[in-house]
Amino acid sequence: MTTVRRAVLTLPAAPLGPDNPLPALRAPARAGAHAVDARTLAGLPRDMARGIGRAPLRSLLPVPVRDGYGRDRVPTDLDTIVIENDRLRVTVLPGLGGRIHSLHHKPTGRELVHRNPVLQPAAFALNGAWFAGGVEWNVGATGHTALSCSPLHAATVRAPDGGPMLRLWEWERLRDLPFQVDLWLPEDSDFLYAGIRIRNPHERPAPVYWWSNTAVPEDRRILAPADAAWHHGYERGLDRVPVPAGDDGTDRTHPLNSVHAADWFYDLPDGQRRWIAALDADGTGLVQTSTDALRGRKLFVWGTGRGGRRWQEWLTEPGAPGYAEIQAGLARTQLEHLELPGEAEFSWLEAYGPLAADPAAALGDDWTAARTDVERALDGALPRTAVDAAYTAWREHAADAAPETVLAAGSGWGALEVLRGGYELPGTPFPGSTLGPEQEPWRELLRTGVLPPPAKGAGPGAPLVSAPWRDMLETAPADPSTEYHLGIAQWHAGDRAQAVRSWERGLRGAEASWPLLYCLAVADREDGHPERAAERFAEAFADHAHPDGGGAATAAALGREAVAALLATGRTDRARQLWTRLPEEVRGRGAFRLLEARLLLAEGRPDAARAVFDEGFEVADLGEGAETLGELWARLTDEPLPDAYEFRMRPNP
């Protein structure tokens, strides 16, 4: 019989730490890594170009940046939910985005996914903290979801066959949409089923993004039913190339054949069954298949170059096996978003399980024979008709079923939206009991029309930015706190001039001016006024006045912004003065050691800056594709960049 139970997994883990308290007014730092230049965009199919241009994120609002983690790992107990039958054991992390940590095939003793031996956050999610391994559910916008390290609601539900099913659900705040992932193991099945639904309860259409991302050992061959792929590297291009070998004749379906990090989005023909597999030298491994709505399939590789190897080590531990990613999405590429009409939904079913193919065929040079043999093996293990039938049964009999036993709680933001909008969402309740302190001021605004100010000495609280909340803020009694939040909502809507006016009005009577000064500084920088921005960042830091306790995160965030802004405008003496006011513990962090090296170089002290590198430091929240370390090193010396600082993901200049 299939069972669903709670369990505990102990891993060496770096604590997540506090969220960044500053509002995320800017576009995701990783947006540039997924950009496409104008010339490339003009040459793409019209529907693809339209999807790439659909509703790009102007900011991360209303979600916070999660950059409070470090790199000191300690044994940590993680709550898990285990789904198990006689064939498979699936371990899920409900507190970390609902990630599948392990997919263990019991008859063979094989782990079907790359199971990371550590939990090490890194700055790969849209809003920062993310970790490698397993199967993740990416919803929201291009990139790893902002829910990567956040809790989801979880409960048992009746599966279509009457057995137990695990439901995961949450309100995705970047696009303001609820979604659910239903996981179940039919009795005696080798395949895990995942029924997935994204709903748009609003009257307006919404941009939608989804990619299911599976980490697999990189010593596999990746097979998908396509003769061409859209290749995307870190040079902002998107080119259609032949599969398996490109113009240079190298077979890119073997991840270890690539030197540099890259994506291959397989161009599956219409009518073709959707699947992707990762097979070892024996022809065995993992296959993922789905109903036709999940159109896209992708391979991501780190590459064998120094940067890719360093990132692999950074995300796990020295000596751990490397991995690649096989993915499945709603669009052909991850650069695209689909449009979901108001009061409509997208839904589909995925299946994950073991596959055994003829190694001579599946790993051979004849690509047509290879993929034909794999599809034959898949048809024998799980016919296409069985997947379609499972989807129909789930959608008709289980997708709307009420949760039975609650296993984990997510955030209270969904409950607040249901309270405001009166939405009916069968199967995914957002009960009022999940409302917490973050939602309480907004609940009061909804009830009374007045947004209560924060307690004395407290930060301004989490923002909300959708049109209904903005309308309420515009009619609420004006005070500094309300003007702060109104300006953030206006900024998110693209009305930047009005946002600045709201923040300037708020300054007049503000007891604590740093939140408003910070927002105005960002606006100045975005509008091309770096000197004024630097001055306002410095004023915001001075106004914060070194509070302790929870305010330490604010002091560090403001200090980092202010020193960097002052250096960018050549105000080295002022940057040094501010630097000395930072707490010693803050100055010792890796990100601030890098900032110190920049400061020393600006002061004309290259030897001292080089000494910072020689002493060693780690920037825990170094972003994907970041070249800051290499660029600064090149200004200090002609020597090769040490491996410890090599994170470049494209060919070095």
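The values are calculated or read from the model by the stated rules, or taken from the named source; none is laboratory data. Keep in mind the model is a prediction, meaning the values are calculated, not measured. Cβ coordinates were reconstructed from backbone atoms using ideal geometry, including for glycine residues, and neighbour counts include every protein chain displayed. Protein only, heavy atoms only, side chains kept; ligands, DNA and RNA dropped before computing areas. Shrake-Rupley method; radii C 1.70, N 1.55, O 1.52, S 1.80 Å.
Rounded to the nearest 0.05, the FRET efficiency derived from the C-beta distance between A568 and R158 at R0 = 45 Å is 0.20. Farthest towards the positive end of the charge dipole of the chain, among the residues H202, L168, T475, is the Cα of T475, using unit charges on the Cβ of Lys, Arg, Asp and Glu.
Across all Cα atoms of the range 481-612, the radius of gyration (one decimal) and Dmax (whole number) stand at 15.7, 49 Å. Taking every Cα-Cα distance in the range 452-548 and sorting them into 10 Å bins from zero, the calculated P(r) comes out as 17, 49, 29, 4 percent. In sequence order, the range 244-260 has phi-based couplings of x, 10, x, 4, 8, x, 7, 6, 7, 7, 9, x, 6, 8, 9, 7, 10 Hz under the Karplus curve 6.51 cos²θ - 1.76 cosθ + 1.60, θ = phi - 60°, and Gly or Pro positions carry x. Each residue was assigned an accessible area with a 1.4 Å probe, and for F179 the value is about 10 Å². Only protein atoms count toward the accessible area here, which uses a 1.4 Å probe; on the range 222-369, the carbon and sulfur part of that area reaches 49 percent. For n ≥ 4 DSSP H runs only, could you compute -39500 (n - 2.57) per run for the chain, divide by its residues and tell me the 222 nm figure to the nearest 500? One gets -9000 deg cm²/dmol as the mean residue ellipticity at 222 nm. Based on the alpha-carbon gyration tensor of the range 374-533 and its eigenvalue square roots a ≥ b ≥ c, which shape applies: rounded if a/c is under 1.5, prolate if not and a/b is larger than b/c, or oblate? Note, shape of the range 374-533 comes out prolate. Here the range 28-85 is treated with +1 on each Lys and Arg Cβ and -1 on each Asp and Glu Cβ, and its dipole about the Cα centre works out to around 540 debye. Only the Cβ atoms of Lys and Arg (+1) and of Asp and Glu (-1) were treated as charged; on that basis the dipole of the chain about its Cα centre amounts to roughly 860 debye. Averaged per residue, the chain has 38 square angstrom of accessible surface, using a 1.4 angstrom probe with ligands and nucleic acids left out.
For V74 and E603 in the same chain, what is the full-extension length gain: residue separation times 0.36 nm, less their Cα-Cα distance, in nm?
Working: separation 529, 0.36 × 529 = 190.44 nm, distance 3.83 nm.
Taking 0.36 nm per residue and subtracting the Cα distance, the gain is 186.6 nm.
What does the C-alpha gyration tensor say about the overall shape of the range 206-317? Classify as rounded when a/c is under 1.5, otherwise prolate if a/b is larger than b/c, or oblate. Rounded shape, in that the Cα axes give a/c under 1.5. Stretching K456 away from R50 to a fully extended chain increases their span by 141.4 nm, per 0.36 nm per residue minus the current alpha-carbon distance. With contacts taken as Cα pairs under 8 Å and at least 6 residues apart, the chain reaches a relative contact order of 13 percent. For the range 198-255, the relative contact order is 28 percent, taking Cα pairs closer than 8 Å that sit 6 or more residues apart in sequence and dividing their mean separation by the residue count.
Farthest toward the positive end of the dipole of the chain, out of A499, G590, P151, is the Cα of A499, where the dipole comes from beta carbon charges about the Cα centre. Considering only F265, W442, A331, and ranking their Cα positions along the charge dipole of the chain that arises from unit charges at the beta-carbon of Lys, Arg, Asp and Glu, the one farthest toward the positive end is W442.
What's the magnitude of the charge dipole for the range 495-653 around its Cα centre, counting Lys and Arg as +1 and Asp and Glu as -1 at the beta-carbon? Answer in Debye, nearest 20.
Details: 21 positive and 29 negative charges, 107 e Å.
Value, rounded to 20: 520 debye.
The distance between label points at D643 and R26 comes to 3.2 nm (points 7 Å beyond Cα on the Cα→Cβ vector). As a calculated quantity, the FRET efficiency between L9 and R204 at R0 = 41 Å, using C-beta atoms, amounts to about 0.50.
Between E339 and R581, how high is the FRET efficiency from 1/(1 + (r/R0)^6) when r is the Cβ-Cβ distance and R₀ = 41 Å? Nearest 0.05. After rounding, the FRET efficiency stands at 0.25. Extending 7 Å from the Cα toward the beta-carbon at both T368 and E504 defines two label points whose distance is 6.9 nm. Each residue was assigned an accessible area with a 1.4 Å probe, and for V74 the value is about 70 Å². Residue by residue, the range 117-130 carries 3J(HN,Hα) couplings of x, 9, 10, 10, x, 8, 7, 10, 6, 3, 10, x, 4, 8 Hz when phi is fed to the Karplus relation 6.51 cos²θ - 1.76 cosθ + 1.60 (θ = phi - 60°); x denotes Gly or Pro.
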